[in-house]
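Presented below is the structure to which this report refers.
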Amino acid sequence: MTVEKQDTEPLVELAKAEAEVDLPEIGARDRYDALMDVVRNRVTVRKFDSTFDVPDDHYDLILEAARHAPSGANAQPWHFIIVRDQGIKDQIANYFVDEQRFRAKAKMKFPTPDYRGLATAPGFIVVCSDMRWVNAFPVLNDGSELDRMYKENAERILLQSVAASTMSAHLAAAALGYNVWWVTAIGQEKAQAAIKPMLGISDQLSVLDIFLFGPPAQTPYKRWRKPLDEIMNRDRFDPKHMMTDDELDDWIKTRRHRVMYKDASKID
Ligand SMILES: Cc1cc2nc3c(=O)[nH]c(=O)nc-3n(C[C@H](O)[C@H](O)[C@H](O)COP(=O)(O)O)c2cc1C
C-alpha cells in the first residue's frame with residue numbers, strides 16, 4: 001500500500017514503516033553505537049537560546065519518535081501540545097517560578113532549579129495523558145479493595161507508557177542536536193488547574209510533564225551516573241546494592257544536589 005502523495009512529501013512512508021521490522025543481525029555494533037551516541041549525549045540544560053526558531057518539521061520528527069513508543073495495551077494514552085506562543089510560555093514559566101518560591105518558603109529543602117529558563121525554550125511541548133485509559137488495563141471497576149489495587153497498577157502502567165513515549169521524543173531531539181529539559185514539577189492539582197485553561201486542555205486530561213528543547217544558553221555538562229555494577233544484578237538481587245534507610249537519607253542530604261547539578265553552588 002502506498003501513501004497518497006500530498007502537497008508535501010510524507011515524513012515517512014507510514015504504511016511501509018509500520019508493516020516492516022528491520023533489525024540488524026544480533027550483536028551488530030554499528031546501530032548500537034549510533035544509538036548510544038545519542039543516549040549519552042542527551043543532556044539537560046535549563047536555559048536555552050530563545051532566538052532559535054525550531055523548524056516545523058523538527059516537531060514532526062520528534063513526535064514521530066514519541067508515536068512509536070510502546071504502551072500498556074498499546075493504548076497510546078498520550079497527547080502532545082506544541083506551544084509556540086511566547087505569552088503562554090511566559091505564563092507557564094511564571095507558574096513554576098511561583099512554585100519555586102513556594103517550595104523555598106515551605107522549606108522542602110529540594111534544590112529547585114531556576115524555572116525562569118522555561119520561557120527561553122524554543123521547543124516547548126506539553127505532554128498530557130488521558131487518565132481514562134486506566135480502563136484499558138486490567139481493572140474491575142466495582143469499587144472493591146481489589147479494584148483499588150488494580151487501578152493503582154493501571155495508573156502506573158499509564159504513567160510508564162507516557163514516560164516511554166516522552167523518552168523517545170527526548171532522544172529524537174538529542175539526535176537532532178538539541179539539549180533537552182524534562183519538567184515534571186507539575187503533578188499537583190493546583191498546577192493542573194493553572195495550566196490546563198492556558199492550553200484549552202479538557203478536564204479528563206492530565207498534564208504530566210513539559211518537554212523543552214533547543215540550543216543551550218549555558219554550557220551543557222554530563223551528570224554523574226551510577227556505575228553499571230551498582231545497578232546490575234544477576235539471577236538474584238545483590239544485597240550489597242541495598243541501601244539502609246540511613247544511607248539513603250544521608251545520600252539525599254549530602255549527595256543529591258551534587259548529582260543534580262554540576263556542584264551545589266551552581267544550581268541551573
Ligand atoms: C521523570 C523525570 C522528572 C524530572 N523532573 C524534573 C523537574 O521537574 N524539574 C527539573 O528541573 N528537572 C527534572 N528532570 C530532569 C532531571 O533532573 C535530569 O534528567 C537529571 O538530573 C539527569 O540529568 P541529565 O538529563 O542531564 O542526564 C526530570 C527528569 C525525569 C526523567
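No lab work stands behind these numbers, since they all come straight from the coordinates. These figures come from a predicted structure and were not determined experimentally. Using ideal geometry, Cβ is built from the backbone for each residue, glycine included, and neighbour counts are taken over all protein chains shown.
Points to keep in mind about this one:
- Out of every Cα-Cα pair that the chain contains, those further apart than 25 angstrom amount to 57 percent.
- Overall form of region 159-231 per C-alpha gyration tensor (a/c, 1.5; a/b vs b/c): prolate
- Close amide H contacts of ASN179 (hydrogens built in the peptide plane, cut-off under 5 Å, sequence separation of 5 or more or a different chain): GLY214.
- Amide H contacts of PHE124: VAL83, PHE213, each under 5 Å away and 5 or more positions distant or on a separate chain (H built 1.01 Å from N in the peptide plane; Pro and chain starts excluded).
- Cα-based shape type of region 112-268, given that a ≥ b ≥ c are square roots of the gyration tensor eigenvalues and the cut on a/c is 1.5: oblate
- Whole-angstrom gap from region 233-262 to region 96-110, using each part's C-alpha centre: 25
- In terms of its Cα atoms, region 38-182 spans 52, 41, 30 Å along the principal axes, sorted from long to short.
- Label zone of ASP245 (point 7 Å out along Cα→Cβ, amide N under 12 Å): in region 96-136 this covers no residue at all.
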